[in-house]
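Scroll down for the structure; my scribbles are underneath it.
The values are calculated or read from the model by the stated rules, or taken from the named source; none is laboratory data. This is a predicted model, so every value here is computed, not measured. With ideal geometry, Cβ positions are generated from the backbone for all residues, glycine too; neighbour counts draw on all protein chains shown.
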There are 4 protein chains.
Amino acid sequence: MTLKMDREDLTAFLASHFPQVADDFAIEAVKPFEIAVRLHVGDKNLRPGGTVSGPSMFSLADVCMYLAVLAMIGPEALAVTTNCSIDFMRKPRAGADLIGTGRVLKLGKALAVGDVMIHSDGMDPPVARAGLTYSIPPRR
Amino acid sequence: MTLKMDREDLTAFLASHFPQVADDFAIEAVKPFEIAVRLHVGDKNLRPGGTVSGPSMFSLADVCMYLAVLAMIGPEALAVTTNCSIDFMRKPRAGADLIGTGRVLKLGKALAVGDVMIHSDGMDPPVARAGLTYSIPPRR
Amino acid sequence: MTLKMDREDLTAFLASHFPQVADDFAIEAVKPFEIAVRLHVGDKNLRPGGTVSGPSMFSLADVCMYLAVLAMIGPEALAVTTNCSIDFMRKPRAGADLIGTGRVLKLGKALAVGDVMIHSDGMDPPVARAGLTYSIPPRR
Amino acid sequence: MTLKMDREDLTAFLASHFPQVADDFAIEAVKPFEIAVRLHVGDKNLRPGGTVSGPSMFSLADVCMYLAVLAMIGPEALAVTTNCSIDFMRKPRAGADLIGTGRVLKLGKALAVGDVMIHSDGMDPPVARAGLTYSIPPRR
């Protein structure tokens, strides 16, 4: 399968459909069934002690998977997250962005399933991992 | 078991330790092993179509469980979320707050486990549910 | 909504479609969106120390949800589990059956979502809880 | 880190501690933080249509992670599964064994976290994936 949306397409889609959060994310790379997305960590993502909040990590996992699915099926589909199971394993490094790398493991007609590994930029052991399921509505 | 922190204690704790998000939440009620927390839904929580974002629902589930655990063990403990599995079931109602009701199902020395049901204020069927695990560090 | 299959229907369905495991389970009660199922704990379910194995608890959660969904949609549908997130909280009591109580929280056209609480028969605090998602294939 | 238990040690441990299920599994390979385990699929694992049951896949994921953790910490530790979130993605191939490949992503003092990918032997796309958390009791 080939990409229906490349890095530029996905970036433009994010800016037009999710203007409230588009600036927080940068798509680093995308290829069939795989994506890497950077979360620019700013003050609003931090918690006492300089760590990154759980909701920020969740949102990175969710964006990763969403864009990886869109890259394969195109912008017309309105995929919605139905399940996310996320393990928080280590404290993210203070002052570092987060990088999420997502894989689409199944791309069915009605459901897409994948996982995302999250690292602090420049740190080897992962800080979190998530499995996500998306529901893909029937095409009209 | 009795509460080590009541509604006022938890509200003050949230304001002093999490000033960035404290205004988003209001503790509606707390009793042993149970809590209800309101998320004041504002522009930053919304997504196109008037629905509430996934990360907003995640953060409500996380805050519910965190405060329900603190209510039982007191403010000195630094509990961290280790796992959250969340099912998104229905689109939240536009213009309504979200109410999370949490239960602590296990309160061990090292781990606390519970679940949270999320409703749009005034709507009967739940919009999301989550199971969460917290790691409770050993007391010094 | 009313039940499309009652306790007798579900018991007969289990016996005819899943003969390998039907004897392990007894449906205690079923009503719209709710079910209670007993797992007859035998030698094959036990682990050293007299506790019940994780796979046995998983299978009880899975059967609970499956039958609760079938009760609502009828036997013609071939629902398959797509996700299960299970928390193991306490050691089940040696020599006691397990009782699973399931709730269907969402019954959509394509997906059903619910949760199951598992108790050792006669013991109050739950031993496990699970959230499950089922995919319901389109009717022909 | 080096292995505290190799393939032979783990096989012997399984046979002595879990005689009821030891014959179902074969450890294919183990190295630090990684393992591959085969489930010999037999009649008791099958479901109508020739597919492998969900509990069989769950038990493979659980055994994978358990043995991968033991390989790192040694046989004296009594690790217990506290959470498993499993996605069932495709129907396993009839008549083929299942191969689980597990990774330990975090090995802390109190908690170990990892994930497992499950394939039908000789089939490329995975049939299931799971994230698991283990609680490691304090050493005496």
Legend entry - Criterion: in a strand (DSSP E or B) and within 14 Å of A:Val80 (Cβ to Cβ) - qualifying residue of B:Ile86, B:Ile99: B:Ile86
Legend entry - Residues of the range A:1-15 satisfying the condition of being in a helix (DSSP H, G or I) and away from chain B (no Cβ under 14 Å): A:Arg7, A:Glu8, A:Asp9, A:Leu10, A:Thr11, A:Ala12
Inset, instruction - Considering only the range C:17-37, state which residues are in contact with a helix residue (DSSP H, G or I) (Cβ under 8 Å, 6 or more places away or on another chain) and without any contact (Cβ under 8 Å) to a residue 12 or more places away in the chain. - result: C:Gln20, C:Ala22
Legend entry - Residue check for D:Phe18: away from chain A (no Cβ under 14 Å), among the aromatic types (Phe, Trp, Tyr) and either over 30 Å from B:Ala112 (Cα atoms) or loosely packed, with under 15 Cβ neighbours inside 10 Å (or both): no
Inset, instruction - Would you be able to say whether some residue in the range C:48-68 is closer than 26 Å to A:Ser85 by Cβ, free of Cβ contacts under 8 Å to residues at least 12 places away in the same chain and over 10 Å from the mean Cα position of the chain (by Cα)? - result: yes
Inset, instruction - Just give me the residues in the range B:79-94 being aliphatic (A, V, I, L, M) and either over 22 Å from B:Pro137 (Cβ atoms) or touching a Gly at 6+ places or on another chain (Cβ under 9 Å) (or both), in sequence order. - result: B:Val80, B:Ile86, B:Met89, B:Ala94
Inset, instruction - Consider D:Thr82 carefully, then state whether it is of a type in the set (Val, Ile, Thr), out of contact with any Cys (no Cβ under 7 Å at 6 or more places or on another chain), within 8 Å of chain A (Cβ to nearest Cβ) and within 24 Å of D:Phe18 (Cα to Cα). - result: no
Inset, instruction - Considering only residues that are over 11 Å from the mean Cα position of the chain (by Cα) and within 12 Å of another protein chain (Cβ to nearest Cβ), look in the range D:23-47 and name the one that is modelled with the lowest pLDDT. - result: D:Arg47
Legend entry - In the range D:111-140, residue surrounded by the fewest Cβ atoms within 10 Å (Cβ to Cβ) [restricted to those that are part of a loop (DSSP other than H, G, I, E, B) and among the hydrophobic types (A, V, I, L, M, F, W, C)]: D:Met123
Inset, instruction - May I ask you to say which residue of A:Phe58, A:Phe33, A:Phe25, A:Phe13 is at positive phi and of a type outside the set (Gly, Ala, Ser)? - result: A:Phe33
Inset, instruction - Just give me the residues in the range A:105-116 being in contact with a Cys (Cβ under 9 Å, 6 or more places away or on another chain) and either closer than 10 Å to A:Val69 by Cβ or within 9 Å of chain D (Cβ to nearest Cβ) (or both), in sequence order. - result: A:Gly114
Legend entry - Number of the exception - D:Arg93 against (1) among the basic types (Lys, Arg); (2) within 13 Å of another protein chain (Cβ to nearest Cβ); (3) in contact with a strand residue (DSSP E or B) (Cβ under 9 Å, 6 or more places away or on another chain); (4) touching a residue at least 12 places away in the same chain (Cβ under 8 Å): (2)
Legend entry - B:Gly102 over 17 Å from the mean Cα position of the chain (by Cα) and more than 10 Å from every other protein chain (Cβ to nearest Cβ): no
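Residue by residue, here is whether (1) more than 9 Å from every other protein chain (Cβ to nearest Cβ); (2) closer than 30 Å to D:His17 by Cα holds:
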position: C:Met57; (1), (2): yes, yes
position: C:Ile73; (1), (2): yes, no
position: C:Ala130; (1), (2): no, yes
position: C:Pro138; (1), (2): no, no
